[in-house]
Amino acid sequence: MTHRPPDEPLRPVRPHPVDPAWDRPPEAAEVDPAVLGALLRRHGWQRRGGAAGRYGRWTPPGPGGGTSLLVPENRAFPDSDDLLGEALLALARSQTPAAREVLVALAVPSDEIRWWRDTPAGPAEAVGAVSWAVEEQLRGAARQMLLAGALATRARAGYHGARHRRSAGALLESVLVGTAAEGRGLTAFAPVTPARPLAVRLHQALYAVREAIDYRRATGGMDAFDSAVEAGASRELTESLVSLVRGTEGARVAVAWAPAAGVPEDCAATAEPVEFSPGDLPALREAGARYVREEPSVPVRITGTVVRLRRSGPRGEGGVRLRVIAGADVPHVRLTLDEDDYRIAGQAHLVGLPVRVQGRLERRGGFRRLTGARGVVPVQVDDAERDRLMKSLQETAEITAVFEEACGGD
């Protein structure tokens, strides 16, 4: 576990485009009436009449009803902008979650990823409450699934491990997750720019996994899971599905495309939610283990800075930890070096130089270990870069242990 020093300033949080207060709805001139109507229908609003060809009257979802909206069907009439402005203001003032979701989708055109879980209702849930653990399990499974989709946009692999985590995490920064509905439903908004590839890949991967499970039940074979990797399936995705389904009577996932951006190529305009049940768990777990077992190690040539040195005595081989600069999309790797290479790594660390090393990135441990490491050589950098590297090393808590072990070892 990593502890933050009490005097270290908190890292600033990147604001989302729709984070500001909701007392100012989008401008009517910026809203397409057809898009607003499509979003209202998607989020459960019901059309209850209105002047045909001119406007529709929409009521919010739920048994209590609420304030209805008059939404023009197009801009062909002079009062269209006035009706749009009044409808947007009413949405901003509404307390229903469905109103906020519509405003979010209007503010930033987004593909919507929805999760539903059919959980047995307890005594507290009968009055609208849900346990903390149930809601956290839903949110955790949703985040795992989004990460699996983001990883699949970076590479097709049955098991990603620690690879591509930084770039996938950067993609997730643009995704906004809504409020969980009684621990059973959750919506994520993936902005068309830049997160549409994530939504497309997740959509295709979910269907591929569903078909692979059905094939496994019908034939007993696991081959369909292998071909599903090309669609984006992975160990990370099967683990997220296990987390989503475990403890439920079933779960569903659906992807709905942003009306303002249209349907992406090779995707259906409308699609039923993909359903999973507790009976799918054995196949999902078997597939996850298969993905880890079958994913090959990768030959790499890594450049990185030495952040840890350790060996049991003054001579012989020793363990090294590198912070990766280039050569592999992982943040750190561990490796074991013979005596000569270990000495070179230690000297490079003391003078603030990165090193280059060859080996195989092993799947065991999540692609965090380099085996067969050899050919350690320092990499020359200019003085400014060397100063930056030294300063970066000195800012980590590991530097004291590094120098103690390096000096004590020789």
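The values are calculated or read from the model by the stated rules, or taken from the named source; none is laboratory data. Treat the numbers as computed from the prediction; the structure is a model and nothing was measured. All Cβ positions, glycine included, derive from the backbone under ideal geometry; neighbour counts span all protein chains shown. Keep in mind that these areas ignore ligands, DNA and RNA; they rest on the heavy atoms of the full protein, side chains included. Shrake-Rupley method; radii C 1.70, N 1.55, O 1.52, S 1.80 Å.
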Would you tell me the accessible area of His43, worked out with a 1.4 angstrom probe on the heavy atoms of the protein chains, in Å² to the nearest 10?
10 Å²
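Report the FRET efficiency, 1/(1 + (r/R0)^6), for Leu350 and Ala261, where r is their Cβ-Cβ distance and R0 is 45 Å, rounded to 0.05.
Details: r = 54 Å, r/R0 = 1.20.
Calculated value: 0.25.
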Calculate the spin-label point distance for Arg310 paired with Ala34, positioning each point 7 Å from the Cα along the beta-carbon direction, and give it in nanometres.
6.2 nm
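Would you work out what percent of the accessible area of the stretch 160-288, with all protein chains in place, is carbon or sulfur (probe 1.4 Å)?
Values: 2620 of 5250 Å².
Here carbon and sulfur together make up 50 percent of the probe-accessible area.
Which value, in Å², gives the accessible area per residue of the stretch 239-351 when a 1.4 Å probe is used on the protein heavy atoms?
Values: 5310 Å² over 113 residues.
Result: 47 Å² of accessible area for each residue.
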Which residues does the label zone of Arg301 cover in the stretch 343-365, counting backbone N under 13 Å from a point 7 Å along Cα→Cβ?
356-359
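What does the charge count around Pro109 come to, taking other residues whose C-beta lies under 12 Å from its C-beta (Lys +1, Arg +1, Asp -1, Glu -1)? Each step should come with its number before you reach the end.
Numbers: positive: Arg196; negative: Glu30, Asp32, Asp111, Glu112.
So the environment of Pro109 carries a net charge of -3.
Just to make sure I understand: if all protein chains stay in place, what is the order of Ile213, Ile344, Ile325 by accessible area at 1.4 Å, largest first?
Values: Ile213 0, Ile344 55, Ile325 95 Å².
Descending accessible area places them as Ile325, Ile344, Ile213.
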Which FRET efficiency value, to the nearest 0.05, is calculated for Ala121 and Glu286 with the Förster distance at 41 angstrom and r the Cβ-Cβ distance?
0.85
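Can you tell me the length gained on complete extension of the stretch Ala155 to Asp387, counting 0.36 nm per residue apart and subtracting the Cα distance?
Values: separation 232, 0.36 × 232 = 83.52 nm, distance 3.42 nm.
Result: 80.1 nm gained on full extension.
Could you tally the net charge around Gly37, taking each other residue with its Cβ under 11 Å from the Cβ of Gly37, Lys/Arg +1 and Asp/Glu -1?
On the way: positive: Arg41, Arg42, Arg47; negative: Asp32, Glu73.
Within the 11 Å Cβ shell, the charges total +1.
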